[in-house]
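Heads up: the structure comes next, in structure tokens.
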Amino acid sequence: MLGAHEKQGRCETSLFFCQFAKMICYNPGMDSSTAQQLIELNRRFYADFGTQFSATRQRIQPGVRKIISQLSGIENILDIGCGNAELARSLAETGFRGTYTGLDFSLPLLEDARVQPDGFNTSFFEVDLTATGWEQVLGQKHFSLITAFAVFHHIPGKRLRQSNFLKVHKLLDRGGKFIQSNWQFLNSEKLKGRIQPWEAVGISSKEVDEGDYLLDWRSGGSGLRYAHHFSIQELECLASETGFQVMESFLSDGESGRLGLYQIWENYEDKR
């Protein structure tokens, strides 16, 4: 973990980098029609392959297990993009005594998610992070910890990501933490071989943002899905722009231990 002076210095460096990036960047970002095409692409993918995808996610990743080992066990957790909620089952195995709320838009995955140990305090909601007002299903609830493991690399466009991070900030208790992981598929030669041309879905490479890719799926049929490859600097900019401070970053998962980029964010501005 970083010391107080290191954290402050890193935050100031990140803010300077983001301000400089804004000055030199003239790309207004992906237009809404392209973003909607990518949203529909991923929606179809998880509708068609949700069951097959869930079958490949029957254990949590090493990076997530590291996070679990650092919890007090009494957190009030919101798990965004919970999938089949394997995180909740793993928490139950540790004797977790807090609360767990899971959100996902995939009905096949939510069906699997609701199979939990008796007496474990969970609730689940069908939510689409690309829809306006998704946070309203939570009412006035706030959370001490919000997680989003392998979620935001499927959200197209900077504007939509910023909007969601601002909502996450508002849902957190003061001093709460947001922990996310994002897929680092470019760190794998095998996964780079899954990259397909944008023309396969009728989109030009000029219409998407830097770091956007189209990848194929080969289990139980063939499919295509959109993913964004984040850099550490890009995430640090998003954090500073939405009232967060990056407390820790680390790589984990996969055979190489480099397929997931994890970051722990803490809210340092009150945006309510």
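The values are calculated or read from the model by the stated rules, or taken from the named source; none is laboratory data. Computed from a prediction, not measured in an experiment: that's the story for all the values here. Positions of Cβ are backbone-derived with ideal geometry, glycine not excepted, and every protein chain shown enters the neighbour counts.
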Within region 238-248, can one find any residue that is part of a strand (DSSP E or B), crowded, with 17+ Cβ neighbours inside 10 Å, touching a Leu at 6+ places or on another chain (Cβ under 7 Å) and aromatic (Phe, Trp, Tyr)? no
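What's the total number of residues in region 72-88 that are more than 20 Å from Lys170 (Cβ to Cβ) and either surrounded by 21 or more Cβ atoms within 10 Å (Cβ to Cβ) or among the aromatic types (Phe, Trp, Tyr) (or both)?
5
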Within region 89-156, considering only strands (runs of 3 or more DSSP E) that don't extend past its boundaries, which have at least 3 residues that are surrounded by 19 or more Cβ atoms within 10 Å (Cβ to Cβ) and of a type in the set (A, V, I, L, M)? 143-149
Can you work out which of the residues in region 168-186 that are among the basic types (Lys, Arg) and either crowded, with 19+ Cβ neighbours inside 10 Å or modelled with pLDDT under 95 (or both) is farthest from Asp31 (Cα to Cα)? Arg174
Since Ile68 meets every condition but one in (1) in contact with a Ser or Thr (Cβ under 8 Å, 6 or more places away or on another chain); (2) closer than 23 Å to Gly139 by Cα; (3) β-branched (Val, Ile, Thr); (4) surrounded by fewer than 21 Cβ atoms within 10 Å (Cβ to Cβ), which condition does it not meet? (2)
Do we have any residue at all in region 84-99 that's within 13 Å of the chain's Cα centre (by Cα) and of a type outside the set (D, E, K, R)? no
Condition test on Trp217, is it in contact with a Leu (Cβ under 9 Å, 6 or more places away or on another chain), at negative phi and at pLDDT below 95? yes
